[in-house]
Amino acid sequence: LPSPILCSLVQPVTPDLLVSPSSQDGDLGSECPEDRGNWTGRLDFLLSCIGYCVGLGNVWRFPYRAYTNGGGAFLVPYFIMLAICGIPIFFMELSLGQFSSLGPLAVWKISPLFKGIGMGTILIVSLVAIYYNMIIAYVLFYLFASLTSDLPWQHCGNWWNTDLCLDHHIIKAGNTTFPVNVTNTVSPSEEYWSRYVLHIQGSSGIGDPGRIRWNLCLCLLLSWTIVYLCILKGVKSSGKVVYFTATFPYLILVMLLIRGVTLEGAWKGIRFYLTPQFDHLLSSKVWIEAALQIFYSLGVGFGGLLTFASYNTFHQNIYRDTFIVTLGNAITSILAGFAIFSVLGYMSQELGVPVNQVAKAGPGLAFVVYPQAMTMLPLSPFWSFLFFFMLLTLGLDSQFAFMETIVTAVTDEFPYYLRPKKASFSAVICIALFLMGLILTTEGGMYWLVLLDDYSAGFGVMVVVITTCLVVTRVYGMKRFCRDIHMMLGFKPGPYFRACWMVLSPATMMALLMYNIIKYQPSEYGSYRFPAWAEVLGILMGVLSCLMIPVGMVMAVLQEEGTLWERIQQASRPTMDWGPSLEENRTGMYVASLAGSQSPKPLMVHMRKYGGITSYENTAIEVDREIEEEEEEESM
């Protein structure tokens, strides 16, 4: 039974207007679930959202995507897609979470027929959390390796190096007047990454994982321990940690940016990064790339935004927060591009090669190219430590969001059993995901990480977001959703948001989905091509999250009574206890819909508690009047 119903059965409920304020504390039985809690500070929610959205992708994906898709001209489709897809979907997720104060599973009281969307979301987030923490483990490995006077990837001549290793310090010392052909050589940093950190030569492919790399295993254990300690008390602890993890990366980024632009040859890299090539705008690929960057950078569809918003107070101004976070995320990506490409420009000048030969994306940038660039700087261990510490803080707060999403979703489903034991349940989840991630610490672990990265979230997240958008606007109803936001914020969303939710956002994401299917390319890592069985496994991984939606539909229909069509209709309607979690926030159609509620009007509860009518009570009166007028029109 839902928590309010069980509470009402446990003991009689006194009408709210007859209860004196002093007698309200501690009158519920112990069987009632513990309070979910809220953010304890004013900036907790905002900084958590910034930390969640501003992650590793801002540093290692955006700059590379920008320069390969028209340089400065890429910013045109980037901001247009931000307006069409990013901001509206971001605001929708925050609104759903804050209005209901429920996690990604329980929020589907809005339409139980589609609870499978929440199940799919949790599956996706669990898979992403497994490999995302492995990336944090790699960062920890490099962070510890930077605590030395001489970086271990600075020179050739180590046991892991091969004859192809070419030390740039030797090139520079030779004072050669001709550019060196580096195409058939390997840098010390690349061999350190592949042959020492990963020890990938011990594996012949994804089917031959080899032995566990115990140093990586310990780093993974440490990363899970850090994550657990930070989410131990839910948002009350993670909300405090983000004051550091969400702000400190900006300090390091500014330091790296200042150091980068003062290097010789820096402007060569920046010019390469930003020179606009407007002919690219005629290519559909550029617009698709811009939409993909927005989609994954903001983290919509992963449940993190909805989870964070569910811990807000009912009248938190998420409209303002939406623009702060989305625009702040975009500006951070652009700034990161300057910090990265200024150093790459310096590096290309030092090596005497074009910038496009040193520019890479993803782990190749973070663990090969940038570490190599660090060795060319004075005080290289210091700059290396700063860079990897920045990546650590960027990665951690995104991981906090993934874990909080999983824990909140399940505890909201079983509040009586799990909410009092949230710390223990969080420990069980962390241990389980750590054990599942052990295969990533093997010599062939990188192949599994690439497979997870390529398939766990791509297809599934798009289906989840498209379906959510269609259910909220078509099944639940645009008019009703806008009225809910009016209750919460005091104003209705304008034509821009309504047009995006109804048409532009789902249509754009549908085009993205079709493009991904048509342009499907098998996974690869360097020159390694994945076998057919691995491709099938990856595709099944992506499809499984989508299959949760029809599975959830079948489960919802079986729980109803009547003919098949009657069951579908009943399952698609909101449950009786759908709406604001606190009774004083329930107005109009939500009045007295909580089981055991005997209060005639939440407005009167407000007046008794706070001694007057505020702007939000005026909103409640307006919403009530609007509903009454609509009912009169329908009856006529």
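The values are calculated or read from the model by the stated rules, or taken from the named source; none is laboratory data. Computed from a predicted model, the values in this text were never measured in an experiment. Positions of Cβ are backbone-derived with ideal geometry, glycine not excepted, and every protein chain shown enters the neighbour counts. For the accessible areas, the whole protein counts, side chains as well, though only heavy atoms, and no ligand, DNA or RNA atoms are used. Shrake-Rupley method; radii C 1.70, N 1.55, O 1.52, S 1.80 Å.
Some points to look at:
- Its Cα centre serving as origin, the chain has a Cβ charge dipole (Lys and Arg +1, Asp and Glu -1) of approximately 1160 debye.
- Considering only THR326, GLY157, ALA556, and ranking their Cα positions along the charge dipole of the chain that arises from unit charges at the beta-carbon of Lys, Arg, Asp and Glu, the one farthest toward the positive end is GLY157.
- Taking a Cβ cut-off of under 14 Å around LEU449, the surrounding Lys, Arg, Asp and Glu residues balance to a net charge of -3, with basic ones at +1 and acidic ones at -1.
- Accessible surface, the chain, averaged per residue in Å² (probe 1.4 Å): 42 Å²
- Cα centroids of the range 146-167 and the range 333-390: 17 Å apart.
- Counting only whole DSSP H helices of the chain, the ones at least 18 Å long by C-alpha along their axis and with mean Kyte-Doolittle hydropathy no lower than -0.5 are 87-100, 115-145, 214-231, 248-261, 284-298, 318-351, 380-413, 422-436, 458-470, 505-518, 532-558.
- From the C-alpha gyration tensor of the range 75-149, square roots of 5λ in Å: 34, 21, 11
- Residue range of the chain that is longest and free of GluC sites (Glu not before Pro) which are both DSSP loop and sparsely packed (at most 12 other C-beta within 10 Å): 265-560
- Extent along principal axes [Cα atoms of the range 219-263; Å; largest to smallest]: 43, 25, 7
- Protein accessible area in the chain, 1.4 Å probe - carbon and sulfur %: 65 percent
- If the chain linking ARG320 and THR575 were pulled fully straight, counting 0.36 nm for each residue of separation and taking away their Cα-Cα distance, it would gain 88.8 nm.
- When the range 226-322 is reduced to its Cα atoms, the Kirkwood hydrodynamic radius in Å: 17.8 Å
- Sum of -39500 (n - 2.57) over DSSP H runs of 4+, divided by residues of the chain (222 nm, nearest 500): -19000 deg cm²/dmol
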